[in-house]
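To start, the structure under review is shown below, and the notes come after it.
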There are 2 protein chains.
Amino acid sequence: MSASRCLIMQSEVQSFIERCMVAVGTKPGHATSLAEVLVEGDHRGHYSHGLNRMDMYVKDIQSGICAKEGEPTIVKESAATALVNGNNLLGPVVGNFCMDLAIKKAREVGIGWVVANGSNHFGIAGYYSMQALKENMIGMSYTNTSPLVVPTRAKECTLGTNPISVAAPAKDGDSFVLDMATSAVALGKVELHHRRGDDIPEGWGCDSQGKLSTDPGQVLSGGGLVPIGGCEATGGYKGYGLGLMVETFCGILAGAKYSKHVRTWKVTDRVADLGQCFVAINPENFAPGFNDRMSDLLTLHRNLEPAEQGTPVLSPGDPERFSIEKCTELGGIPYHLNVVNHMNGVAKAIGVNPLLPTNVPVPE
Amino acid sequence: MSASRCLIMQSEVQSFIERCMVAVGTKPGHATSLAEVLVEGDHRGHYSHGLNRMDMYVKDIQSGICAKEGEPTIVKESAATALVNGNNLLGPVVGNFCMDLAIKKAREVGIGWVVANGSNHFGIAGYYSMQALKENMIGMSYTNTSPLVVPTRAKECTLGTNPISVAAPAKDGDSFVLDMATSAVALGKVELHHRRGDDIPEGWGCDSQGKLSTDPGQVLSGGGLVPIGGCEATGGYKGYGLGLMVETFCGILAGAKYSKHVRTWKVTDRVADLGQCFVAINPENFAPGFNDRMSDLLTLHRNLEPAEQGTPVLSPGDPERFSIEKCTELGGIPYHLNVVNHMNGVAKAIGVNPLLPTNVPVPE
């Protein structure tokens, strides 16, 4: 048993986040949407995008920098496209609205391509792309974010970690779920190494002069993350290009903030006005047998002989599937005690009761 | 002056390729389409996808493994989508047909998403995405290809270099043009190092045991290219995921061959039946001012202070723009003499006359 962790039921975390958000004035429906995305983040093992970030959303509503009232609105629309104004609502409220709309259009004309401006952080990108799986469709989601990534050859952060998520349904509930930042790694991984005093692998980040560095301290103070591919010789310019592609689909197409015009990470001095993009594609409009081929593609890869015994070849989405299976087996989500204690402190300060339980140990 | 190179006018290469293709029975219109894509490849500096590959296409038509007669046909269609049968015609014939269709749909409903099965190698992916620029639209193109890439944790090639191309129009003829393989590098780069006896950087390829190798010989004999990002620790699983994403849009959605079911590279024992995907998106359907924002995004990056003096920060498409400017300045495309001599040999064997001129030196 690990003394530094505790187990909490998914429904308890869900209701806790809802109550905290409502306590600061969030509409109950919006609070539920946010809680669902954050809990799903934790459930899938992406703790950096779960309960861990609740205080940020609480603060955004409390300070009024994020809107409490209203719903997203459609600004412009065709049978297959829409431009949506997120009206500065919580990211998941905007994301759900847009993804539902994209799916509706894909049901009618085979594809829905919906972009939003006036949005906010929406949690894990995969949450939205995966909504399409319920309709046996391909889903995609993209968002721009605050600048943390230094373009190839440069020394200044001008791009966010700009994630790409694509989900595609296979047979019997199986699926392909790609959910990746276009930076080599997430900022959280560099922070973790820094806290532990460990070096980072070459190709994660650079110093303030734009040179690759294995010192996480250099990356965090004046340097930045680098695009997937690392330096120019190993193809970093491709990751840089993908970051710009996401920006094109998001800030540029939506008429939202983009690139270095997006506010600084963790500085909420003005509204975020993020741009986001949501797509649904109906395989029914293309060749029959999509699910079978998708299953074969995934299985074929999972069954490849691994380069190292005991390290099986995975399909995108498998690590998250293992995390979910683990939670099911445990009967809850394992959390670090300091995250739970911190969030209980946040809750106490806004008069929320009961707090999250910290007394259930995680069986090893 | 370089004795190993010669300068040839674009129109001369165009007509030479057309005549060679027609000599083996290609329809004149199809020959023109192919020649245009190959010449554009060379013009943009991607010599691996230009004249250098003409013999492959000649052989494909000569052997009958690629169809001479007919045109692509629409199998299924909605206002925004289409499934096309390429009827085993030359890749550029299929590509042009599909991209035209995607643009037509984007004019009507804001987006066109067209996938093709029964296709063949189509040259540079950027040729098709860039067609959308003429209509002030965003264009995308994707294709699967023969297995050359080893998935993360595996030791067998199961994915092609599966390129992604996205083009977006800025102001005054400027544009963003991403055209990248989802492998760390192209096979041609590894072959070039091997011929020179040079090592390759770590993160380009692996040996037959799936271990990263700096020996190009190991990569070329039994090993393979690795996805963008290199090994697992530096994010190679993201490149692997992107390769699968391209496969999902191409072979899987189109019902064509996919992954390791695609025929072996350079072995034309059976029809290719490649899957390809072509998309056009009309910015008019989204927020006004798209071109202005796009220009600002590109300029903002080009004007960044470079990490190393004399190595300016680029926007995707800039290296190709420099290559085109160089050709304009020279009054033609510079070719290596052995490529030209080889292709003249191919032409002679099929009775084509006149051959390409080799007597114009390239001014240094």
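The values are calculated or read from the model by the stated rules, or taken from the named source; none is laboratory data. Given the structure is predicted, the values throughout are model-derived calculations rather than measurements. Cβ placement follows ideal geometry from the backbone for every residue including glycine, while neighbour counts extend to all protein chains displayed. Only protein heavy atoms, including side chains, enter the accessible area calculation; ligands, DNA and RNA are left aside. Shrake-Rupley method; radii C 1.70, N 1.55, O 1.52, S 1.80 Å.
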>> Which of the strands (runs of 3 or more DSSP E) found entirely inside region B:1-115 contain at least 2 residues meeting this: open to solvent by less than 30 Å² (accessible area, probe 1.4 Å) and under 30 Å from A:N282 (Cβ atoms)?
In response: B:81-85
>> I need the full set of residues from region B:252-265 which are in contact (Cβ under 8 Å) with a residue 40 or more places away in the chain and over 19 Å from B:V93 (Cβ atoms), in order please.
In response: B:L253, B:G255, B:Y258, B:S259, B:K260, B:V262, B:R263, B:T264, B:W265
>> I'd like the residue in region B:155-174 that is in contact (Cβ under 8 Å) with a residue 60 or more places away in the chain and under 13 Å from the mean Cα position of the chain (by Cα) and, out of all such residues, is farthest from A:T248 (Cα to Cα).
In response: B:G160
> Looking at B:V219, B:V226, which one is crowded, with 17+ Cβ neighbours inside 10 Å, more than 29 Å from A:A168 (Cβ to Cβ) and touching a Cys at 6+ places or on another chain (Cβ under 8 Å)?
Replying inline: B:V219
> Among the listed residues B:V226, B:V185, B:V149, B:V177, which satisfies the condition of being more than 30 Å from B:R302 (Cα to Cα) and in contact (Cβ under 8 Å) with a residue 40 or more places away in the chain?
Replying inline: B:V149
>> Going residue by residue through region B:333-349, is there one that turns out to be among the small types (G, A, S) and under 22 Å from B:L89 (Cα atoms)?
In response: yes
>> Residues to consider are A:E191, A:E202; find the one that is more than 14 Å from chain B (Cβ to nearest Cβ) and open to solvent by 50 Å² or more (accessible area, probe 1.4 Å).
In response: A:E191
> Does region B:351-364 hold any residues that are open to solvent by 30 Å² or more (accessible area, probe 1.4 Å) and under 21 Å from B:M21 (Cβ atoms), and which are they?
Replying inline: B:G351, B:N353, B:P354, B:L355, B:P357, B:T358
> Just checking, which of B:E40, B:E18 is assigned by TED's automatic domain parsing to the domain that holds B:A349, in contact (Cβ under 8 Å) with a residue 12 or more places away in the chain and in contact with a Pro (Cβ under 9 Å, 6 or more places away or on another chain)?
Replying inline: B:E18
>> Can you pull out every residue in region B:310-322 that is of a type in the set (G, A, S) and either within 19 Å of B:P169 (Cα to Cα) or not assigned by TED's automatic domain parsing to the domain that holds B:S175 (or both)?
In response: B:S315, B:G317
>> Can you pull out every residue in region B:274-332 that is of a type in the set (A, V, I, L, M) and either modelled with pLDDT under 95 or under 25 Å from B:L101 (Cβ atoms) (or both)?
In response: B:L274, B:V279, B:A280, B:I281, B:M294
> Among the listed residues A:V109, A:V93, A:V114, which satisfies the condition of being among the β-branched types (V, I, T) and in contact with a strand residue (DSSP E or B) (Cβ under 6 Å, 6 or more places away or on another chain)?
Replying inline: A:V114
> On the given criteria, is A:K211 more than 13 Å from chain B (Cβ to nearest Cβ), without any contact (Cβ under 8 Å) to a residue 40 or more places away in the chain and open to solvent by 40 Å² or more (accessible area, probe 1.4 Å)?
Replying inline: no
> Across region B:293-350, what is the number of residues that are open to solvent by less than 30 Å² (accessible area, probe 1.4 Å), within 14 Å of chain A (Cβ to nearest Cβ) and either within 17 Å of B:S48 (Cα to Cα) or in contact (Cβ under 8 Å) with a residue 12 or more places away in the chain (or both)?
Replying inline: 11
>> I need the full set of residues from region A:263-282 which are open to solvent by 10 Å² or more (accessible area, probe 1.4 Å) and within 11 Å of chain B (Cβ to nearest Cβ), in order please.
In response: A:N282
